[in-house]
Amino acid sequence: MGRLATEIAGKTPVSLGLLGAAAFMVIADARVIDPLLHIIADEFKVGVGSAAVIISAYTIPYGLFQLVYGPLGDRIGKLKVITIALAAFAVGTAVCTFVSNIVLLTLLRFLTGMAAAGIIPITLAYIGDNFPYEKRQAAIGKYLSALMLGQILGGSLGGIFGEYISWRDIFLLFGIVSLGIAGLLWRGTRHLGNAQRPQDQRGRITLRPYYQLLTQPIARTVIIGVFVEGFCVFGAFAYIGAFLRDRYSLSYVAIGFMLSGFGFGGLIYSRSVKWLVRRLGEIGLMGVGGGLMSISFLAIALFQNWMLFIPLSILMGLGFYMMHSTLQTQATELSPEARGTAVSLFAFSLFVGQGIGAAVFGRIVDNFGYIYCFILVGVAIALLSIWLVNQKQVVPD
């Protein structure tokens, strides 16, 4: 992250490291629910599948509000949007500490998801504005290191707080830290004035730019691909923690650390991204990545041994980021003149897919069990990988 920040020194009023800290909080907040889902379900006396409404309540507005934040970032300035959104996210997260029932928690997660939508995708568009395409995948890979740490520590901290302290207190901690980061971002952007403000601020924000993007075959492939990816991977991953608790009676601390393996896999990817791109290319990354995810889900379902989950979760995370980062890099080049809009459409598809997937797989888990859920996902990801490879739709150099 240090060299990456140095490469754009002088161009930006805040460091990329600080933007990475904001991304860390958003990802940690999203992933902290995974080991806590069983605890929250027990406290509010609902089924695990029903408690998963708090996941959908967060991810669906996260996706929907990309349609607002993308054009807004292109119009008034990406850094300003990120700062305001992070401040609102911090307040919403902290208030989750004091809820008395699942309905209030669901409402607050909805509002927090609305705010969180204006942080990571807008930052990715910001990176796209500062790096040429041939260097962008490596730059995004470095930025993803902060997200990987959020994946790792979010699940781990969730398990620790769930086992020894309280699931409520983790939201208070995340809210306070996020508010501090928002304050630092505000200090870096408050002197911008009109210097960083885009020139064209006329007209209303409409859906027309999204329609124009979707007329491109490459854009349709990327957007459909990331929707199915979010639906399958994160829609089902939300139930792995509850599965480990119900099937093997593991402690919440152990579950949190085991779920963090997904983030470790992503961290391996971020550290080896240049080598992987050279060796496999974009098509190879999507094919191998999809294969790793498919094998991991099927193995979790078919081989009843919790110790296998540790290496499988790492392979799953590595496979996810091989596929996802490739699609993400392509998304930054779909509309160079309006990257905020393009990246926001990408994030919209990912998180709406995740929210719908969590709801659908919740019904499957409650009615048929975890195993059917994981087998279905393993097969679906394999089919997605084959489809993406056969499309051969890569952004030209």
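Some observations on this one:
- On a per residue basis, the convex hull of the C-alpha atoms belonging to the chain measures out at 123 Å³.
- Applying the Karplus relation 6.51 cos²θ - 1.76 cosθ + 1.60 with θ = phi - 60° to segment 59-73 yields 3J(HN,Hα) values of 6, 5, x, 4, x, 4, 6, 4, 5, 9, 5, x, x, 5, x Hz, where x marks Gly and Pro.
- Contact order normalised by residue count of segment 37-154, Cα under 8 Å, 6+ apart, percent: 30 percent
- Using C-alpha pairs below 8 Å separated by at least 6 residues, the relative contact order for the chain is 28 percent.
- Here the mean projected area of the convex hull built on the C-alpha positions of segment 234-370 is 9.1 nm².
- For V365, net neighbour charge (Lys/Arg +1, Asp/Glu -1) across residues whose Cβ lies under 15 Å away: 0
- For segment 19-114, the set of trypsin sites (Lys or Arg not before Pro) satisfying both a DSSP loop assignment and a count of at most 12 other C-beta atoms within 10 Å is given as K45.
- In a fully extended conformation the segment linking R220 and L280 would gain 19.3 nm over its present Cα-Cα distance, using 0.36 nm per residue.
- Count of Lys pairs (Cα-Cα under 23 Å; at least 8 positions apart or interchain) in the chain: 11
- Largest-first principal axis extents, alpha carbons of segment 82-188, Å: 49, 27, 25
- Residues I55, I160 arranged by fewest to most Cβ contacts within 10 Å: I160, I55
- In order along segment 99-112, the phi-based Karplus estimate (6.51 cos²θ - 1.76 cosθ + 1.60, θ = phi - 60°) of 3J(HN,Hα) comes to 5, 10, 7, 5, 5, 5, 5, 4, 4, 5, 5, 4, 5, 5 Hz; Gly and Pro are listed as x.
- Taking only the alpha carbons of segment 329-381, we obtain Rg and Dmax values of 15.7, 48 Å in that order.
No lab work stands behind these numbers, since they all come straight from the coordinates. None of these values were measured; they are calculated from a predicted model. FYI the Cβ positions are ideal-geometry reconstructions off the backbone, even for glycines, and counts take in every protein chain you see.
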